[in-house]
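Heads up, the thing below is written out as structure tokens.
The values are calculated or read from the model by the stated rules, or taken from the named source; none is laboratory data. What you see is a predicted model, and the numbers here were worked out from it, not measured in a lab. Heads up, the Cβs are rebuilt from the backbone with ideal geometry, glycines too, and the neighbour counts pull from every protein chain shown. These accessible areas exclude ligands, DNA and RNA; they are computed on the full protein's heavy atoms, side chains included. Shrake-Rupley method; radii C 1.70, N 1.55, O 1.52, S 1.80 Å.
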Amino acid sequence: MARNVRILDEKVINKIAAGEVIENPASVCKELIENSVDAEATRIDVDIEKSGMKSIRIADNGCGMSRENAIMALERHATSKLTSDQDLFSLHTLGFRGEALPSIAAVSKFLMRTAQQQELIGTRIQIDGGKVYDVSDDQISPGTIIEVKELFFNVPARKKFMRSYHAEKMAVNQIFLKLALSQPLIQFTLSDEGKEVYNLIPTNNIAERIATLFGRDFCMDLIPFSAEGDDFKFHGYISHPQLCRNTRSGQYIFVNTRIVQSYQISSVIQKAYGTLLPNGRFPIFFLYLTVDPSIIDVNVHPTKKEIKFSHVGSIETMLRRSIEAVLKDSKLIFDIKEQNDELKKIDFSYNIPRFTNVTPPDKKESASSNFFASQEETQPVKNIQPAQNPKPEPAQTIAKDIGDDDFLEQLESIIEHDHISTPSSPVSDQDNTTEQTAEITNSEYPNSSTDFTGIRIIGQIGKCFILAESREGLIIIDQHAAHERVNFERIMESMHANTIDSQSIMFPVTYQVDSIRKKALVAKLDLLRKAGIGITEFGSDTFLIDALPSFISYKAVTAVLDDLIEESQKTKSDSIADWQIKLAKMMACRGSVKAADKLEQIELEKLIDDLFKTRTPYTCPHGRPTIIRMTYEQLRKHFRRE
């Protein structure tokens, strides 16, 4: 039966509008805190009860409102932040639509108290479910206080779909944390059931705000970066590969102090890490991007979580190059660390730490770390080269590792130019490094600022690991991962230069496939030939392999072909360059020494020497660590020699 079209009444319209903007208590907090920021508040206090479902109270010391403006602000699409449609492309405020306050008031028991600066009498407005019950005078300090009680009390269907109290509390904490990170000049407090959780003092150094929220141990694994273009600039911090996570929950993006989500930007940063991260692992980062408001459109999402750039390509290119450069210049050895209670309390599934009263180290304590230095400053340190190549590399910048006083003193002078010493080789402390300007290279081949000075090889254990001693402590090297890295870079360099040395084999290898696998393999024949594998079709279901590069055995080549076909069936759209990297990884893995392969002393020395010559010696091509370290100080602690 046909139904008549009719215009909805105002009550239904307001509830529908509220559903677009107000998803949960966290979204209420976000909208109200952003209003406080736009009101130029220097202090914002947040109090919640029952995860915000029972009560949310946001108080600020901002400019406040007159009675006339306060009443008008509760009307839909009433705002002081826009005068025409052109203002949408020159926004300098977080809010602009005029939807938040009426949407919240429509689905809660709402109270607003506000007063302008130097006013003796303020205004009190009470609304229940969108209906105004009271407008009266109020004694209140300048600023605004908004209380939201019994959220969704008149929309039971929406309330039914709320998550558990714990999940909603985590969401509130998450949005509070992001807003606190985006506005370090504002003092923020958060109380839960009357108990203070955070009291964040204002700071003009974002590093101090990060350290206060996440703790010192966490921050010592962060590396600063920055760059500037014609109409944009950015700065921030990226994590040591050791600090990667299995989700993107530790990634924070702020554009003109606005919290945004951008898979595109996240992917750019991910690519900058290259082979430093395993598949399925993601870096932690804090990105602060400042752009001309005219080149972005923030009016593309109901809750303003996403934005569009008019020309994002130049930003992405500079961002990737900047991060590649700092990773190239950083010491990325994986440390064996004892996580203290403070660091263990960080719950990245919700982006929020569960500890309180954490303060950053003072200037004297943190002087050795780039993280706590000025955002514009970097500390040059020296690079090393293997003895066979005396030509110095560019000056380097590192985020130093955490340690105690004597270890921190050592870090002031590490990364000196020196050669690798064997058990019978003397260690030289002479510095003959020349500082130069760092160059930006492809992320697959970043030059490293490796501190492998004066290494003494101890031997092989378990036919799998190589033990060595450095000036900093005990070094443990995974022989398979190390050989993988060496072979991978050799293969990639040879592919790019078309110089892979392919050798004919006396007895060609046959490789049989079914019709489906044959189709996948035929599509990759040119790729295999470029990698030095001589392969041709030999009948309806067989391929003949008659030439191989020197680093692949005839026994390993069939495993490489199996891997390639399997990957082809999973991935269809990668570029030729991506497939070259994938094939190089497969060949490097299959052609490298394995666990349980016994190596003689001269082979250990050669492998370590080759590893230290690579551009990225810290991880294998799949992102697993090649080297881990335990400092002398950590050893002393384990043996209770403090």
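Taking S239 as the residue in question, decide whether it is under 26 Å from I33 (Cβ atoms), within 12 Å of the chain's Cα centre (by Cα) and among the small types (G, A, S).
Working: under 26 Å from I33 (Cβ atoms): no; within 12 Å of the chain's Cα centre (by Cα): yes; among the small types (G, A, S): yes.
Criteria not met by S239.
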Could you say which residue among F639, F551 is crowded, with 16+ Cβ neighbours inside 10 Å and at pLDDT below 90? F551
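Take the residues of region 47-68 that are open to solvent by 30 Å² or more (accessible area, probe 1.4 Å) and among the acidic types (D, E): which is modelled with the lowest pLDDT? Spell out how you get there, then give the answer.
Of all residues in region 47-68, those open to solvent by 30 Å² or more (accessible area, probe 1.4 Å) come to 47, 49-50, 54, 57, 61, 63, 65, 67-68.
From what's left, among the acidic types (D, E): 47, 49, 68.
Values: D47: 97, E49: 95, E68: 90.
Once the filter is applied, the top-ranked residue is E68.
Give me a count of the residues in region 111-139 that are closer than 23 Å to R76 by Cα, under 46 Å from the mean Cα position of the chain (by Cα) and either at pLDDT 90 or above or surrounded by fewer than 16 Cβ atoms within 10 Å (Cβ to Cβ) (or both). Give the steps one after another, and end with the answer.
Applying the first criterion (closer than 23 Å to R76 by Cα) to region 111-139 yields 111-116, 122-136.
So of that shortlist, the ones also under 46 Å from the mean Cα position of the chain (by Cα) come out as 111-116, 122-132.
So of that shortlist, the ones also either at pLDDT 90 or above or surrounded by fewer than 16 Cβ atoms within 10 Å (Cβ to Cβ) (or both) come out as 111-116, 122-128, 131-132.
Qualifying residue count for the region: 15.
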In region 265-288, residues that are open to solvent by 20 Å² or more (accessible area, probe 1.4 Å) and over 17 Å from K331 (Cα atoms) total 9
Just one of (1) surrounded by 16 or more Cβ atoms within 10 Å (Cβ to Cβ); (2) modelled with pLDDT under 95 trips up D230, so point out which. (1)
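I'm trying to understand the selection: among the residues of region 95-108, which are open to solvent by less than 10 Å² (accessible area, probe 1.4 Å) and modelled with pLDDT under 75? Lay out the reasoning, then the answer.
Going residue by residue through region 95-108, those that are open to solvent by less than 10 Å² (accessible area, probe 1.4 Å) are 95-96, 103-108.
Hits for region 95-108 are G95, F96.
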Give the residue, chosen from K570, K582, K598, that is within 36 Å of the chain's Cα centre (by Cα) and open to solvent by 50 Å² or more (accessible area, probe 1.4 Å). K570
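When you go through E633, E605 one by one, which is the residue that is on the phi < 0 side of the Ramachandran plot, within 32 Å of the chain's Cα centre (by Cα) and outside the structural domain of R281 (by TED's automatic domain parsing)?
Selected residue: E633, the only one of E633, E605 that is on the phi < 0 side of the Ramachandran plot, within 32 Å of the chain's Cα centre (by Cα) and outside the structural domain of R281 (by TED's automatic domain parsing).
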Would you check if T614 is within 27 Å of the chain's Cα centre (by Cα), surrounded by 13 or more Cβ atoms within 10 Å (Cβ to Cβ) and farther than 19 Å from E484 by Cβ? no
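I need a count of the residues in region 473-501 that are among the small types (G, A, S) and surrounded by fewer than 17 Cβ atoms within 10 Å (Cβ to Cβ).
From region 473-501, those among the small types (G, A, S) are 473, 481-482, 494, 497; that's our starting set.
Next, only the ones that are surrounded by fewer than 17 Cβ atoms within 10 Å (Cβ to Cβ) stay: 497.
Adding up the residues that qualify gives 1.
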If I44 satisfies all but one of (1) of a type outside the set (F, W, Y); (2) open to solvent by 10 Å² or more (accessible area, probe 1.4 Å); (3) at pLDDT 90 or above, what's the number of the condition it fails? (2)
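For (1) within 18 Å of the chain's Cα centre (by Cα); (2) closer than 27 Å to I627 by Cα; (3) surrounded by fewer than 23 Cβ atoms within 10 Å (Cβ to Cβ), each residue gets a yes or a no:
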| residue | (1), (2), (3) |
| --- | --- |
| L177 | yes, no, yes |
| E193 | no, no, yes |
| N199 | no, no, yes |
| T203 | no, no, yes |
| S226 | yes, no, yes |
| T247 | yes, yes, yes |
| G250 | yes, yes, yes |
| N256 | no, no, yes |
| Y263 | yes, no, yes |
Could you count how many residues in region 140-174 are in a helix (DSSP H, G or I), open to solvent by less than 50 Å² (accessible area, probe 1.4 Å) and of a type outside the set (S, T, N, Q)? 5
